[in-house]
Amino acid sequence: MANIVIDANNSVARTGKVVIYGIADADEAKKNVKKAKSITEKRVESVMAYLRSLGVSQDRFAVDYHAVSFALDTPPSERFQVLIEFIPASSPCG
């Protein structure tokens with residue numbers, strides 16, 4: 001992840017928003033919404049803390065939470081838990 005931040009800092013995304021999506025398994029969320037939200041919030045906070053330690057300022061963060069249904073045969077190790085998107089502050093074309 002540190003390499004991604006370095007790449008973003010050397011691009012038009014260096015001052016743009018950093019959107020962090022917390023992902024919960026939809027089936028788990030149906031069973032216990034409160035627990036699923038708590039888990040996704042902890043995942044997002046962990047990522048934000050790490051990114052802050054790499055120099056990303058707090059005011060750049062935007063957060064979103066999603067419940068996603070995964071195929072039954074998708075192993076847990078391949079299910080998204082957090083997605084991070086670096087948004088350019090301006091168009092690379094000007």
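The values are calculated or read from the model by the stated rules, or taken from the named source; none is laboratory data. Because the structure is predicted, anything quoted here is derived from the model rather than measured. So basically every Cβ, Gly included, is an ideal-geometry build from the backbone, and we count neighbours across all protein chains shown.
Being modelled with pLDDT of 85 or more, closer than 12 Å to residue 82 by Cβ and of a type in the set (Gly, Ala, Ser) is a description that does not apply to residue 38.
Among the residues of region 45-70, those that are under 22 Å from residue 89 (Cα atoms) and touching a residue at least 24 places away in the same chain (Cβ under 8 Å) comprise 47, 48, 50, 51, 54, 55, 56, 60, 61, 62, 63, 64.
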